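Trainee: Dumping the structure here so I can ask a few things about it.
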Amino acid sequence: MTPRRAAAKRPRGRPTAPSTRARSASAPAGPGTITRLAPLKAPRRAAWPFVLVNMAMTADGKIATANRRVHTFGSRRDLAHLYELRATADAVMCGARTASADATLGPGGPKYRRLRLRNGLAEYNLRIVVSGAGSLDTGLPLFARRFSPILVLTTRRAGQRRVARLASVADEVVVAGAREVDFVAALAHLRRRWGVRRLLCEGGGELNDALFRADLVDELHLTICPFIFGGRQAPTVADGRGLQRLAQARQFRLVRRRRVGMELFCVFARVREQTARVRRGRARSPLVAADRASRQRAKNGLTRRRARG
Ligand SMILES: NC(=O)c1ccc[n+]([C@@H]2O[C@H](COP(=O)([O-])OP(=O)(O)OC[C@H]3O[C@@H](n4cnc5c(N)ncnc54)[C@H](OP(=O)(O)O)[C@@H]3O)[C@@H](O)[C@H]2O)c1
């Protein structure tokens, strides 16, 4: 099995789990597995998936209005970018408040599902929702659309009844951490048990912040849109608790920017020692790959012109 087919792989120890391809849109969820994770001792980076965060933000850094009513404001190009990125990921993840909107976290139409297959991935991505309190509404559209497995990451705060309720609609409920999800353990579990090598997180701000704090984000895709929302209560790309000192700030490098119409599409790569994992992940990102290709084309053109001249 090639690594990028991994999301279709059956999780070990759960022989009845359906493959992401086998799921039909109307198939009911079976009673999900409940997995309780202990903290990982001395985890190695290779144990986690490559993590991308993709967000659209206004020019003043907001991802929704203060009353949360407006949260989609990107262009059609931005929406296409979202599906193109999903087509590179084994799994797509969001926080409970983002899931409460009309998100189904699916791969998009046939065009994008074909792109996934061409990329060597399962036709449908795994879907993951994070809810520390386990208060997620089980009547969400997400749970009604049964095209691929759904996992819920929660904590011991959720209690047995809530965990059992979530397990009635999800394929697996993973309990990791006491108050906040222990993403170090949870992401290693996604890699080990579900074969997730590339994980795309689509917010919101609280979930992003937890991933940034845990230093698990490898690449940040930001679409800067030409609006100002203002408002102290309006969510931003990373809210939650945040970090307190400059020395703790997660540093990223701008590796790509492209203006399309009135929007600016940016890709930032986490600056840390150049591990094989970072290099591998960057090479697989469509915008970064396109950038590399365009630089190569420019170089070839230059060489040809020099040869002619
Ligand atoms: N413009 C964009 O690209 C974009 C993208 C996504 C979302 N949005 C917008 O952003 C807003 C939502 O963002 P948000 O920051 O308010 O919420 P969020 O991150 O989507 O969800 C927050 C919830 O997720 C759970 N959660 C997050 N981190 C956790 C952790 N470390 N441990 C345990 N549970 C955790 C908690 O659920 P429990 O309460 O169940 O514990 C928490 O209440 C919405 O308005 C949405 O539409 C915009």
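The values are calculated or read from the model by the stated rules, or taken from the named source; none is laboratory data. A quick note: this is a predicted structure, and the numbers were derived from the prediction, not measured. Note that we place each Cβ from the backbone using ideal geometry, even for glycine, and neighbour counts take in every protein chain shown.
Trainee: For the range 68-100, how many residues are in a loop (DSSP other than H, G, I, E, B) and more than 9 Å from the ligand (Cβ to nearest atom)?
Mentor: The total comes to 5.
Trainee: Something else: Going by the conditions given, is R146 surrounded by fewer than 22 Cβ atoms within 10 Å (Cβ to Cβ) and at pLDDT 95 or above?
Mentor: no
Trainee: Here's another thing I want to ask about it. Do we have Q233 as assigned to a loop (DSSP other than H, G, I, E, B), exposed (fewer than 13 other Cβ atoms within 10 Å of the Cβ) and within 12 Å of the ligand (Cβ to nearest atom) here?
Mentor: So Q233 fits the description; yes.
Trainee: Failed condition for Q244, given (1) more than 22 Å from L153 (Cα to Cα); (2) out of contact with any strand residue (DSSP E or B) (no Cβ under 6 Å at 6 or more places or on another chain); (3) at pLDDT 95 or above, with all others met?
Mentor: Q244 satisfies every listed condition except (3).
Trainee: Just name the residue that is modelled with the highest pLDDT out of those in the range 20-65 that are crowded, with 16+ Cβ neighbours inside 10 Å, of a type in the set (S, T, N, Q) and part of a loop (DSSP other than H, G, I, E, B).
Mentor: Result: T65.
Trainee: State whether one or more residues within the range 157-170 are over 22 Å from I63 (Cβ atoms), surrounded by fewer than 22 Cβ atoms within 10 Å (Cβ to Cβ) and among the polar types (S, T, N, Q).
Mentor: Yes; the residues of the range 157-170 include at least one that is over 22 Å from I63 (Cβ atoms), surrounded by fewer than 22 Cβ atoms within 10 Å (Cβ to Cβ) and among the polar types (S, T, N, Q).
Trainee: Continuing with this model, one more query. In the range 58-84, what residues are under 20 Å from R127 (Cα atoms) and in contact with a helix residue (DSSP H, G or I) (Cβ under 7 Å, 6 or more places away or on another chain)?
Mentor: Correct list: Y83, E84.
Trainee: Consider the range 67-91. How many of its residues are without any contact (Cβ under 8 Å) to a residue 12 or more places away in the chain and of a type in the set (A, V, I, L, M, F, W, C)?
Mentor: Matching residues across the range 67-91 total 2.
Trainee: Please go through (1) basic (K, R); (2) surrounded by 14 or more Cβ atoms within 10 Å (Cβ to Cβ); (3) modelled with pLDDT under 65 for R12 and return the number of the only condition it doesn't satisfy.
Mentor: Every condition holds for R12 apart from (2).
Trainee: Let me ask something additional. Does L121 meet the test of being of a type outside the set (V, I, T), farther than 25 Å from C225 by Cβ and away from the ligand (no atom under 15 Å from the Cβ)?
Mentor: Taking the combined requirement at face value, the residue satisfies it.
Trainee: Right, next: Can you pull out the residues in the range 101-118 that are within 15 Å of the ligand (Cβ to nearest atom) and crowded, with 22+ Cβ neighbours inside 10 Å?
Mentor: Correct list: L105 only.
Trainee: I would also like to ask the following. Count, please, the residues in the range 210-260 that happen to be of a type in the set (S, T, Y) and out of contact with any Cys (no Cβ under 9 Å at 6 or more places or on another chain).
Mentor: Going through the range 210-260 one residue at a time, the tally reaches 1.
Trainee: From the list L211, L220, which residue is at pLDDT 95 or above, within 19 Å of R256 (Cβ to Cβ) and within 11 Å of the chain's Cα centre (by Cα)?
Mentor: Going through L211, L220 in turn, just one is at pLDDT 95 or above, within 19 Å of R256 (Cβ to Cβ) and within 11 Å of the chain's Cα centre (by Cα): L220.
Trainee: Suppose we filter the range 137-155 for residues that are more than 13 Å from the ligand (Cβ to nearest atom) and either of a type in the set (G, A, S) or in contact (Cβ under 8 Å) with a residue 40 or more places away in the chain (or both); how many remain?
Mentor: Count: 10.
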